[in-house]
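Since the structure comes first, as structure tokens, the remarks are kept for the end.
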Amino acid sequence: MPQDLVTIVIPTFNQLHHTKACLAALQKTLSPVLRTRVQIIDNASQDGTQDYLAGLAQEWPMMRWHGLEENRGFNYASNLGAEMADSEFLVFLNNDTIPQPEWLEALLEPMRGDRIGIVGPKLVFPETGLINHAGYVLNRGMGGFYPIYQNVDHTLEFVNRTREYQALLGACLLMRRALFFEVGGFDDFGLEDIALCLKVREKGLAVLYYPKSVVLHVGSATIKGEPLAHLVTDHIAFNERWPSASLVDDDAHFYRLDGYTMTGFSPQGINLREDVTESKSLTKEARELRLKGDIEEAIQKAMRAVVLYPYNTTANVTLIEMLKEIGQWEAAKGIGLRFLAIEPTRFSLYKTVLQLCELTNDRESYTRLRSQGLEYPDFPTFSP
């Protein structure tokens, strides 16, 4: 049995002020109940980082550190830190981060089952309160992966939805240590965080963005602050491993889920058109028609509202209720399962959809849906 539950692996290279802020935040936020170890691998810093780490290790038993004789880079340091760990889980954490209260407890929540391979938090720029990272999406026409909704307000609804992506930023990632070594750890070329996520997905496991966990992230601080530091990104090696045709463009899909149509892109950003207004208008019409007893027309209106904006909770719930009322249990169940697939933390709807699974004698969907809900500790206990 591993000695620790979680090892937090932090590569460092100079930028002592960031390292101090990160470790101070960890000292405040890490609970001893979680059996957590902090493992720092220093890439031959020359700004007093190693003296600071040596002193802190004497005062903080939870922390260990190892100094390298030369800068071997993020990938090497992260892999070495993982090798030194004796824990069930690993967290790879940049030193220019400031974890917020209960960030680690939240990251562990979805790992109660075995379907999730990697989970990452909502990353927020500390000075502005804007999103640093809420998941990577792919558009090969734009050149590859890019962070969705970067620089939007971190309180907006669509960056606070739990969802699965092809990849997440490596500034903060949690996964099982055994899985990390099973997929070969971080590759020795650039885009290592994306590559790690893709390798995990090849195992049939999900990569989950979980915004209940919040970490402040300065972003590329080492590279910005150190002219001698550089990011070696071998796109050729990455593209040989994952040819363009093997990946799926998915940015327009997520924008549509959130009620937007992607109308174009430019070096300045993504051009989006909001489609939420029409969906909400159709939902209102559907509810009025339902009150008048015109169920068939109300169902058609609600269906159109869902197509325009799949996250429209009122439209989905209204549609499910109406289909259930007229005995179309299979159709109602299908709507519910699709909605809970994109909005898995909408716990109030689980009981209805589980009942529909029983009414249609669909034990497979019942078991799968209940297992999905149980991944989250807020899932209510009830018997359908």
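Here are the numbers for the structure shown:
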| read-out | value |
| --- | --- |
| Residue ID - surrounded by the most Cβ atoms within 10 Å (Cβ to Cβ), chosen from residues in the stretch 28-52 that are touching a His at 6+ places or on another chain (Cβ under 9 Å) and of a type in the set (A, V, I, L, M) | Ile40 |
| Given (1) in contact (Cβ under 8 Å) with a residue 40 or more places away in the chain; (2) assigned to a strand (DSSP E or B); (3) crowded, with 16+ Cβ neighbours inside 10 Å, number of the condition Phe265 does not satisfy | (3) |
| Selected residue (only one of Asn239, Asn160 is in contact with a Pro (Cβ under 6 Å, 6 or more places away or on another chain) and either modelled with pLDDT under 95 or surrounded by fewer than 20 Cβ atoms within 10 Å (Cβ to Cβ) (or both)) | Asn160 |
| Filter pass, Ala82 being in contact with a strand residue (DSSP E or B) (Cβ under 7 Å, 6 or more places away or on another chain), assigned to a helix (DSSP H, G or I) and over 27 Å from Phe189 (Cα atoms) | no |
| Residue in the stretch 105-119 that is at pLDDT 95 or above, closer than 14 Å to Val6 by Cα and more than 13 Å from the chain's Cα centre (by Cα) present | yes |
| Any hit, the stretch 326-334, residues being of a type in the set (Lys, Arg), at pLDDT 95 or above, outside the structural domain of Val207 (by TED's automatic domain parsing) and touching a Leu at 6+ places or on another chain (Cβ under 8 Å) | yes |
| Residue under evaluation Ile116, criteria (1) surrounded by fewer than 21 Cβ atoms within 10 Å (Cβ to Cβ); (2) among the aliphatic types (A, V, I, L, M); (3) touching a residue at least 40 places away in the same chain (Cβ under 8 Å), criterion not met | (1) |
| Hits in the stretch 129-169 - residues which are touching an Asp or Glu at 6+ places or on another chain (Cβ under 9 Å), in a loop (DSSP other than H, G, I, E, B) and farther than 25 Å from Pro310 by Cα | Gly129, Leu169 |
| Selection within the stretch 54-75 - free of Cβ contacts under 8 Å to residues at least 40 places away in the same chain and within 23 Å of Val215 (Cα to Cα) | Leu56, Trp60, Met62, Arg64, Trp65 |
| All positions within the stretch 346-364 that are under 27 Å from Phe158 (Cα atoms) and either in a helix (DSSP H, G or I) or in contact with a strand residue (DSSP E or B) (Cβ under 6 Å, 6 or more places away or on another chain) (or both) | Phe347, Ser348, Leu349, Tyr350, Lys351, Thr352, Val353, Leu354 |
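Per-residue answers, yes or no, for (1) in contact with a strand residue (DSSP E or B) (Cβ under 7 Å, 6 or more places away or on another chain); (2) aromatic (Phe, Trp, Tyr); (3) not in a helix (DSSP H, G or I):
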{"residue": "Tyr52", "(1), (2), (3)": "no, yes, no"}
{"residue": "Ala57", "(1), (2), (3)": "yes, no, no"}
{"residue": "Glu88", "(1), (2), (3)": "yes, no, yes"}
{"residue": "Phe92", "(1), (2), (3)": "yes, yes, yes"}
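Yes/no per residue for (1) farther than 29 Å from Asn139 by Cβ; (2) part of a loop (DSSP other than H, G, I, E, B); (3) among the β-branched types (Val, Ile, Thr):
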residue: Arg256; (1), (2), (3): no, no, no
residue: Val307; (1), (2), (3): no, no, yes
residue: Pro310; (1), (2), (3): no, yes, no
residue: Gly327; (1), (2), (3): yes, yes, no
residue: Gly336; (1), (2), (3): yes, no, no
residue: Ala341; (1), (2), (3): no, no, no
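The values are calculated or read from the model by the stated rules, or taken from the named source; none is laboratory data. All figures in this text were calculated on a predicted structure; none of them were measured in a lab. Cβ coordinates were reconstructed from backbone atoms using ideal geometry, including for glycine residues, and neighbour counts include every protein chain displayed.
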